[in-house]
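What follows is one structure encoded as structure tokens, with my remarks underneath.
The values are calculated or read from the model by the stated rules, or taken from the named source; none is laboratory data. Note that this is a predicted model, so its numbers are computed, not measured. Please note: Cβ atoms are built from the backbone with ideal geometry, for glycine as well, and neighbour counts cover all protein chains shown. Calculation scope for accessible area: heavy atoms of the full protein, side chains included, ligands and nucleic acids excluded. Shrake-Rupley method; radii C 1.70, N 1.55, O 1.52, S 1.80 Å.
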Amino acid sequence: MAKSKDRLKYLVLLYLSLILLPIKLIIGDLPVNGLFLFLLIYAAVMIILTKFPLKKYLLILFISYIYAVYFIWRITSPVLDENTFIMIAIISGFLLIHLFTKNKDEQITIIIAGSSFGQFFYLIICTSYHLQYTVNYDIYFTIIFSILFIIAIQSCWEYLMIKIESFIKSLEYKKRWNT
């Protein structure tokens, strides 16, 4: 990314993520990870501050619902092994976010918000059925950071393709000028 406020924002977010990852909190009867709580608050603030169209808010709600249902399905019908379960969640989350949003900042905000709210719904549902020990934050972090990593790779790839195209155009221009 070029030097900008967005790059600084994401850098601070990444540093805080590294700092808050090992912190465990107990709020009421809920065992909560510090990074999860931070991402949940960050998602809520970003949704309040960002003016999305109604379609984006519905997408966040849909991702949250699908996330919670997918993890509940994992408890009730453990058909897939853990690696396959995580891979399906990563691929479907990236494809879903990529189909409905083209702006990278919106993609990042929507995936963090959708996954965080979905994990919160899942935590509440599991706690209400006394299954709070089935909540695994490691899988949540693996899914969310893998999707963010794929978005970063895609962004780097697009930047590289633009640079290659401009280099080829400059070579063609020089070739025409020399002949």
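Among the residues of the stretch 52-72, write down those that are out of contact with any Gly (no Cβ under 9 Å at 6 or more places or on another chain) and not aromatic (Phe, Trp, Tyr).
As a first pass, look at the stretch 52-72 and keep what is out of contact with any Gly (no Cβ under 9 Å at 6 or more places or on another chain): 52-58, 72.
Pro53, Leu54, Lys55, Lys56, Leu58, Ile72, listed by residue number.
Considering only the stretch 131-142, I want to know if a residue exists there that is closer than 18 Å to Tyr10 by Cα, in contact (Cβ under 8 Å) with a residue 40 or more places away in the chain and crowded, with 18+ Cβ neighbours inside 10 Å.
Checked against the condition, which is being closer than 18 Å to Tyr10 by Cα, in contact (Cβ under 8 Å) with a residue 40 or more places away in the chain and crowded, with 18+ Cβ neighbours inside 10 Å, the stretch 131-142 yields at least one hit.
Please specify each residue of the stretch 30-65 satisfying the condition of being within 24 Å of Leu14 (Cβ to Cβ), aliphatic (A, V, I, L, M) and free of Cβ contacts under 8 Å to residues at least 24 places away in the same chain.
Matches in the stretch 30-65: Leu37, Ile41, Val45, Ile48, Leu49.
Within the stretch 115-128, identify whether any single residue is within 15 Å of Gly93 (Cβ to Cβ), open to solvent by 10 Å² or more (accessible area, probe 1.4 Å), at pLDDT 90 or above and assigned to a helix (DSSP H, G or I), and answer yes or no. Full working, then the answer.
Of the stretch 115-128, the ones within 15 Å of Gly93 (Cβ to Cβ) are 115-119, 122.
Okay, now just the ones that are also open to solvent by 10 Å² or more (accessible area, probe 1.4 Å), so 117.
After this cut, where a residue has to be at pLDDT 90 or above as well, the list is 117.
Applying the additional criterion that residues be assigned to a helix (DSSP H, G or I) yields 117.
Yes, because at least one residue in the stretch 115-128 is within 15 Å of Gly93 (Cβ to Cβ), open to solvent by 10 Å² or more (accessible area, probe 1.4 Å), at pLDDT 90 or above and assigned to a helix (DSSP H, G or I).
Output the number of residues of the stretch 6-36 satisfying the condition of being open to solvent by 90 Å² or more (accessible area, probe 1.4 Å) and among the acidic types (Asp, Glu).
1
Out of all the residues in the stretch 77-85, is one or more farther than 24 Å from Arg7 by Cα and either in contact with a helix residue (DSSP H, G or I) (Cβ under 6 Å, 6 or more places away or on another chain) or buried (at least 17 other Cβ atoms within 10 Å of the Cβ) (or both)? So that I can check it myself, show each step before the final result.
Let us first name the residues in the stretch 77-85 that are farther than 24 Å from Arg7 by Cα, namely 77-85.
Okay, now just the ones that are also either in contact with a helix residue (DSSP H, G or I) (Cβ under 6 Å, 6 or more places away or on another chain) or buried (at least 17 other Cβ atoms within 10 Å of the Cβ) (or both), so 85.
Yes, because at least one residue in the stretch 77-85 is farther than 24 Å from Arg7 by Cα and either in contact with a helix residue (DSSP H, G or I) (Cβ under 6 Å, 6 or more places away or on another chain) or buried (at least 17 other Cβ atoms within 10 Å of the Cβ) (or both).
Within the stretch 86-109, can you find the residues that are hydrophobic (A, V, I, L, M, F, W, C) and open to solvent by 60 Å² or more (accessible area, probe 1.4 Å)?
Here is the first cut: in the stretch 86-109, the residues hydrophobic (A, V, I, L, M, F, W, C) are 86-91, 94-97, 99-100, 108.
Of everything in the stretch 86-109, those that are hydrophobic (A, V, I, L, M, F, W, C) and open to solvent by 60 Å² or more (accessible area, probe 1.4 Å) turn out to be Met87, Ile88, Ile91, Leu95, Leu99, Phe100.
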